[in-house]
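I have placed the structure first, in the form of structure tokens, so that the comments after it can refer back to it.
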Amino acid sequence: MSAKLVVALVGLPGSGKSTLAAPLCERFGLAEINRDKLRAQLFPDCQFTPQEKQAAYASVLKWLRAHCDLGEGSLIDGMTFGKRPERQAVRAIAVKHGFRFVALWLDCPVEVAVQRVAAQQHVAGDRAPDLVRAVAERFERPSTAVRIDATLPKEEILQRAIAALS
């Protein structure tokens, strides 16, 4: 059975959120809810419009409510959570269902994220260095998230995330 836990992975594209998602889901028995994957399913010919993005986000919240209704913990990936209201909406759903909410912020320098994105293939077809810079300009740094330095070695990042969720 999964933990009564809802985790939001926060950070720029290329900060390492998706790398962290699978091991955390396995370790804590969490269902992964991935906005990028949901968007790809909803819109096979996605143009990455604001309407498509909003529909995919609404789908994330719907899936989160469904998992919470079933008593299943969840981890949300595939979005930056760069806006406070996005984090608050997820927190509100978690708290309403009696779940502990944790935002894990993978704090990554913009140019490191740019380099990572340039070197990776990703399900989100709009992921490019210019997108990272644009997201960084409007990113609202979370004040209540657990901050993890995303330039640390992957194993160290994982250990810090596990400690924060334990």
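No value in this document is a laboratory result; all are computed from the given coordinates. Please read all numbers here as calculations on a predicted model, not as lab measurements. Glycine also receives a Cβ, built like all others from the backbone with ideal geometry; neighbour counts cover every protein chain displayed.
Tabulated data for the structure shown
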{"read-out": "Per-residue Cβ neighbour rank within 10 angstrom, fewest leading, F99, F28", "value": "F28, F99"}
{"read-out": "Electrostatic dipole magnitude of the chain [Cβ: Lys, Arg +1; Asp, Glu -1; Cα centre; debye, to 20]", "value": "500 debye"}
{"read-out": "For the stretch 43-166, alpha-carbon Rg over 2.2 N^0.38 Å", "value": "1.13"}
{"read-out": "Relative contact order, percent, the stretch 38-162 [alpha-carbon distance under 8 Å, six or more residues apart]", "value": "24 percent"}
{"read-out": "Mean ellipticity per residue at 222 nm, deg cm²/dmol - from DSSP H runs of n ≥ 4 across the chain, formula -39500 (n - 2.57)", "value": "-15500 deg cm²/dmol"}
{"read-out": "Amide H within-cut-off set for F101, under 5 Å, with H built and near neighbours excluded", "value": "V6"}
{"read-out": "Nearby aspartates and glutamates by direct alpha-carbon distance to K154 (threshold 20 angstrom, same-chain neighbours under 8 apart not counted)", "value": "E26, E32, D77, D107, E111"}
{"read-out": "Leading residue at positive end of dipole, the stretch 5-165 (Cβ point charges), from A58, I33, V114", "value": "A58"}
